[in-house]
Every structure is written in C-alpha cells, then in structure tokens.
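Colleague: Mind looking over this structure? Questions follow.
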Amino acid sequence: LASLACDRAHLLSCKTLGWLHENGRGTPRAPARARALYARACDGGEASACKSLGLLLDTGAGGPVDRTRAAALYDRACDAGELDACNNLANLYLGGDGVPRDVGRAAALYDRVCAATRAPRPCGNAAAMHAMLDAGAAHD
C-alpha cells in the first residue's frame, strides 16, 4: 500500500517506504532505495524525510558520505521543526564536518533542542558549547 500511495505522490508514504527499505522491515534491507524514496519525499516538502536522507548521507548508508549535503538537509528539516535534525546539524558544526566549524552555531542549535525537549544530552551539549564560547573557542 505504501508503494502505491508513494507512486501517487503521497509524500509521507514515500518516507514510510524509505524507512521500511532502510530497516529491512517487510522488504529486503536496501538503504540505496531508501535514499531515493527519502529524496522524493524531501523534494516534495516532507521535512522528516529530509532528516532521514541527511542521516543516510551523514553515515554513508546506501551510498557515499556527503556531509555537506547532509548539513543542508538537516538545516531544512530543522527549520521545519525536526529537532533531531537540529541536533545532527549542531554535531556537524561542532566537528566542522561538511560545514565550517562554528561552536556558536552549534550552541544555538543545541539550545533550540534543549529548550524544546529538556533532554539531558542536548542540554549538556549546549552547556558545553557555551563554556567553550566563554573560553574563546568560537571557531577553532
């Protein structure tokens, strides 16, 4: 059903079908196919698919690593409220992976996730980034 709905441009179905292929649920595991399905849904405006495609590009699942493109996808998804994408983008800024290293930008992103979730990891990361900024480590 998800395949038929995706063929009829139901973007959430494309995203769901991508997840099934990525994880091998009800279909053979096929992360390259998942990339294509996530891209279709993301291109149509499904922000959670942008986050999922970003993660596959970030980790190299289903194809080559492309952290520059992953960062752009995370940014798009983050702007749409996908907090995991904000956190992943912060990680890239902190490490200078695919984007220039920017502790200030990482801190702002971790702050956003912390404010929305109060989760220990992003809140701890935000505090650590602010400590680095206070120590003058904005752009190593």
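The values are calculated or read from the model by the stated rules, or taken from the named source; none is laboratory data. The structure presented is a predicted model; accordingly, all values stated were derived computationally and were not measured. For neighbour counting, all protein chains shown are included, and Cβ atoms are generated from backbone atoms with ideal geometry for every residue, glycine included. For accessibility, only protein heavy atoms count, side chains too; no ligands or nucleic acids. Shrake-Rupley method; radii C 1.70, N 1.55, O 1.52, S 1.80 Å.
Colleague: Which ones in segment 1-20 are of a type in the set (Gly, Ala, Ser) and modelled with pLDDT under 90? Please lay out each step first, then the result.
Modeller: Initially, segment 1-20 is screened for residues of a type in the set (Gly, Ala, Ser), giving 2-3, 5, 9, 13, 18.
Once the filter is applied, which keeps residues that are of a type in the set (Gly, Ala, Ser) and modelled with pLDDT under 90, segment 1-20 yields Ala2, Ser3, Ala5, Ala9.
Colleague: What are the residues in segment 1-47 that are touching a residue at least 24 places away in the same chain (Cβ under 8 Å), buried (at least 22 other Cβ atoms within 10 Å of the Cβ) and either in a helix (DSSP H, G or I) or small (Gly, Ala, Ser) (or both), if any?
Modeller: Answer for segment 1-47, where residues must be touching a residue at least 24 places away in the same chain (Cβ under 8 Å), buried (at least 22 other Cβ atoms within 10 Å of the Cβ) and either in a helix (DSSP H, G or I) or small (Gly, Ala, Ser) (or both): Cys14, Lys15, Gly18, Glu22, Ala34, Leu37, Tyr38, Ala41, Cys42.
Colleague: To continue, here is another question. Out of Asp75, Asp97, Asp84, I need the residue that is in a loop (DSSP other than H, G, I, E, B), open to solvent by 40 Å² or more (accessible area, probe 1.4 Å), closer than 30 Å to Ala131 by Cβ and among the acidic types (Asp, Glu). Which one? Before the answer, list the steps.
Modeller: Working: Asp75 fails: in a loop (DSSP other than H, G, I, E, B); Asp84 fails: in a loop (DSSP other than H, G, I, E, B).
Criteria check complete, one pass: Asp97.
Colleague: Can you name every residue in segment 35-62 that is among the basic types (Lys, Arg) and over 12 Å from Cys14 (Cα atoms)?
Modeller: Lys51
Colleague: What about Leu133, is it within 21 Å of Ser52 (Cα to Cα), among the hydrophobic types (A, V, I, L, M, F, W, C) and touching a residue at least 12 places away in the same chain (Cβ under 8 Å)? Spell out how you get there, then give the answer.
Modeller: Working: within 21 Å of Ser52 (Cα to Cα): no; among the hydrophobic types (A, V, I, L, M, F, W, C): yes; touching a residue at least 12 places away in the same chain (Cβ under 8 Å): yes.
So Leu133 fails the test.
Colleague: Of everything in segment 48-65 that's open to solvent by 70 Å² or more (accessible area, probe 1.4 Å) and part of a loop (DSSP other than H, G, I, E, B), which residue is farthest from Ala106 (Cα to Cα)?
Modeller: This residue is Pro64.
Colleague: Against the conditions (1) open to solvent by less than 60 Å² (accessible area, probe 1.4 Å); (2) under 29 Å from Gly136 (Cβ atoms), where does Thr68 fall short? Just the number, please.
Modeller: With respect to (1) open to solvent by less than 60 Å² (accessible area, probe 1.4 Å); (2) under 29 Å from Gly136 (Cβ atoms), Thr68 is out only on (1).
Colleague: Let me ask something else about it. Determine the pairs where a residue that is under 12 Å from Glu46 (Cβ atoms) and at pLDDT 95 or above, located within segment 77-88, has a partner that is buried (at least 23 other Cβ atoms within 10 Å of the Cβ) and aliphatic (A, V, I, L, M) with Cβ atoms under 8 Å apart, the partner being 6 or more residues away or on another chain.
Modeller: Ala77/Ala85
Colleague: Tally the residues that are among the small types (Gly, Ala, Ser), surrounded by 13 or more Cβ atoms within 10 Å (Cβ to Cβ) and in a helix (DSSP H, G or I), restricting the search to segment 114-136.
Modeller: Going through segment 114-136, the residues among the small types (Gly, Ala, Ser) turn out to be 115-116, 119, 124, 126-128, 131, 135-136.
Cutting the leftovers down to surrounded by 13 or more Cβ atoms within 10 Å (Cβ to Cβ) gives us 119, 126-128.
Next cut, in a helix (DSSP H, G or I) only: 126-128.
Going through segment 114-136 one residue at a time, the tally reaches 3.
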